[in-house]
Amino acid sequence: MGKATGFLEYNRELPEKMDVAERVQEYKELYLPFAEEKTNEQAARCMDCGVPFCHSGCPLGNKIPDFNDAVYHQDWEEAYTILKSTNNFPEFTGRICPAPCEGSCVLGINHPPVAIEHIEKSIAEKGFELGLEKPRIPGVRTEHKIAVIGSGPAGLAAADLLNQAGHLVTVFERDSKPGGLLRFGIPDFKLEKWVVERRVDLLTEEGILFKTDTEIGVDIKANELDKQFDAIVLCGGSTIPRDLKIKGRKLDGIHFAMDFLSQQNREVSNLSQIDKQRIFATDKNVIVIGGGDTGSDCVGTSNRQGAKSITQIEIMGKPPLERTKSNPWPEWPMILRTSTSHEEGCEREWALMTKEFIGSKGKLTGLKVVEVAFEEGKMIEREGSEHVLPCELALIAAGFLHPQKEGLLEQLKIEQDDRGNVNTTNFKTSSKKVFAAGDMRRGQSLVVWAIAEGRKAAEAVDAYLKG
């Protein structure tokens, strides 16, 4: 590497965040500007480690030491070229990826790992700033027509590569704007929507046709799609949420997390509300059920809506502060993580199971919970630990089960695996010329995995079309 002793000379440093009192008043990204020379120093921390485990830690196989070296030498064009060779949308992953690459960083064995995610975002934005990121219109077209169903990260990645291969790509999206989870699921304080729109505009200039407000299986039947296109790529995501079917579930005030987040994203983007009931956290005791990233996003959104109190509960025990012996490097570290939303104000409780929703006159007033422990692989309730938490808004952030089966999947008669996801062999489904990628195929996962899936599915489709 260009600075062999960089990891000894520089400490890990990231951009500072807006003051909490200021940032909860708006939905803009919360990081302050970071001097370019500081980013160069962070790239200099990348070691000449011999075997860069960050490669395997990244689902996309990003060539991390290579672009770090280029950033250290201030060769942004080279860094951009290296990063774009493996990652279609580094402006997304540089903002919202949990950075499994950093969990596998060799320096991270006994020092804070290299700030890979920040460096990736910096390269992506430099690419736009310097005019390196510009429309790449294919010079030759194959005349093969491909339908991509779903415009989330998997769908966009598949469409991008297939378009660059010269095929004619149409992306169908049932919502009013392209982007899927990126637009309607992830709050603006993590990913402002102009970032998504900028990329969609670029893909449109490159020749991809986006058809929104179009649900395949409803507005267009599967057999019609089959007649019009030479290949179909299913990237509809895992959209059926895991529910809590317990007493009191029908009380007013209980909602799925994604309904709550989607409504707020529409509000910020000034999109017309089509939801029957507006969900507000204002002046309410909010309980978020589920300790993952979606739950954390609910916390941040509830803070911005002016909740009276926010409690996030998780059925599993509290993670340790450091790796345990059973979780060695370079595995993903299963440790306690505090998000920017948690910093803004939130009580966090672990090893709590929801027993019952309590209400009065049809409205939610509380949540009965019980402490649990895990012994010999079995969960047991702690005797005498039941209690009721005040709650007027409960947000269920317990993950997703599988893709929607009604409509498209039923009409195509697609085989599913034992979890209800689309079953594939090399991304090809049981139906002729139909492929699948992303959460719809592998189950609920990360945006970076969705992009990787979309890329691989595009390769499989291209090979299929070329015989």
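FYI, it's all coordinate maths here, none of it is from the lab. Just so you know, these numbers come straight off a predicted model, no measurement behind them. Methodologically, a virtual Cβ is constructed for each residue, glycine included, from the backbone with ideal geometry; neighbour enumeration extends over all protein chains shown.
Each Lys or Arg adds one and each Asp or Glu takes one away; over the other residues whose Cβ falls under 13 Å from the Cβ of Pro330, this sums to -1. Count Lys and Arg as plus one, Asp and Glu as minus one, and take only other residues whose Cβ is under 15 Å from that of Ala165; the net charge is then 0. The phi-based Karplus calculation (6.51 cos²θ - 1.76 cosθ + 1.60; θ = phi - 60°) puts the 3J(HN,Hα) values of region 160-173 at 4, 5, 5, 5, 5, 6, x, 7, 8, 10, 10, 9, 9, 9 Hz, whole numbers, x for Gly and Pro. Think of each Lys and Arg Cβ as +1 and each Asp and Glu Cβ as -1; about the Cα centre, that makes the dipole of the chain roughly 1340 debye. How long is the gain from Ser85 to Ile109 if the chain were fully straight, where each residue apart is worth 0.36 nm and the alpha carbon distance is subtracted? Computed gain between Ser85 and Ile109 is 5.8 nm. Modelled spin labels at Asp75 and Glu331, positioned 7 Å past Cα toward Cβ, are 3.9 nm from each other. Look at the alpha carbon pairs under 8 Å that are at least 6 residues apart: their mean separation over the length of the chain gives a relative contact order of 16 percent. Binning the alpha carbon pair distances of region 243-398 at 10 angstrom intervals from zero yields the distribution 10, 37, 33, 15, 4, 0, expressed in whole percent. Over the Cα atoms of region 73-136, the radius of gyration divided by the Kirkwood radius equals 1.01; this is the Rg/Rh ratio.
What the phi angles of region 51-67 give under the Karplus curve with 6.51, -1.76 and 1.60, with θ = phi - 60°, is a coupling list of 10, x, 5, 4, 4, 6, x, 8, x, 8, x, 4, 8, 5, x, 5, 6 Hz, glycine and proline written as x. Length available on full extension from Glu410 to Ile246: 0.36 nm per residue minus the Cα-Cα distance, which gives 56.1 nm. Cβ-Cβ distance of Glu197 and Asp417, R₀ of 51 Å, FRET efficiency by 1/(1 + (r/R0)^6): the value works out to about 0.90. A simple spin-label model places pseudo-atoms 7 Å from Cα toward Cβ; at Ser360 and Lys145 they are separated by 6.1 nm.
Rounded to 0.05, the FRET efficiency of the Lys28 and Leu130 pair, given R0 = 25 Å and the Cβ-Cβ distance, is 0.55. Here the chain is described by how far its Cα atoms reach on the three principal axes: 68, 62, 46 Å, from widest to narrowest. Peptides 389-398, 145-154, 342-351 ordered by packing proxy, namely the average of other Cβ atoms within 10 Å per residue, highest first: 145-154, 389-398, 342-351. Think of the chain as a dipole: +1 on every Lys or Arg Cβ, -1 on every Asp or Glu Cβ, centred on the Cα centre; then among Thr214, Asn11, Gly438, Thr214 lies furthest on the positive end. Taking θ as phi - 60° and the Karplus parameters 6.51, -1.76 and 1.60, the scalar couplings of region 150-159 work out to x, 10, x, x, 5, x, 5, 5, 4, 4 Hz in sequence order, x denoting glycine and proline. Taking a point 7 Å out from the Cα of Glu9 in the direction of its Cβ, the residues of region 74-92 whose backbone N falls within less than 15 Å of it are 74. Neighbours of Lys63 by Cβ distance under 13 Å: Lys/Arg scored +1, Asp/Glu scored -1, total -3. Maximal additional length on extending the Met379-Val218 stretch stands at 53.7 nm, based on 0.36 nm per residue less the C-alpha distance.
The equivalent ellipsoid that matches the C-alpha gyration tensor of region 6-129 spans semi-axes of 23, 17, 15 angstrom, in descending order.
For region 59-143, state which GluC sites (Glu not before Pro) are in a DSSP loop and have at most 13 other beta carbons lying within 10 Å of their beta carbon. Filter output for region 59-143: Glu143. Over 29 Å apart at the Cα level, from the set Lys177/Lys368; Lys17/Lys284; Lys245/Lys361; Lys227/Lys428, are Lys177/Lys368.
Principal axis extents of the Cα atoms in region 146-264, from largest to smallest and rounded to whole angstrom, are 54, 36, 18.
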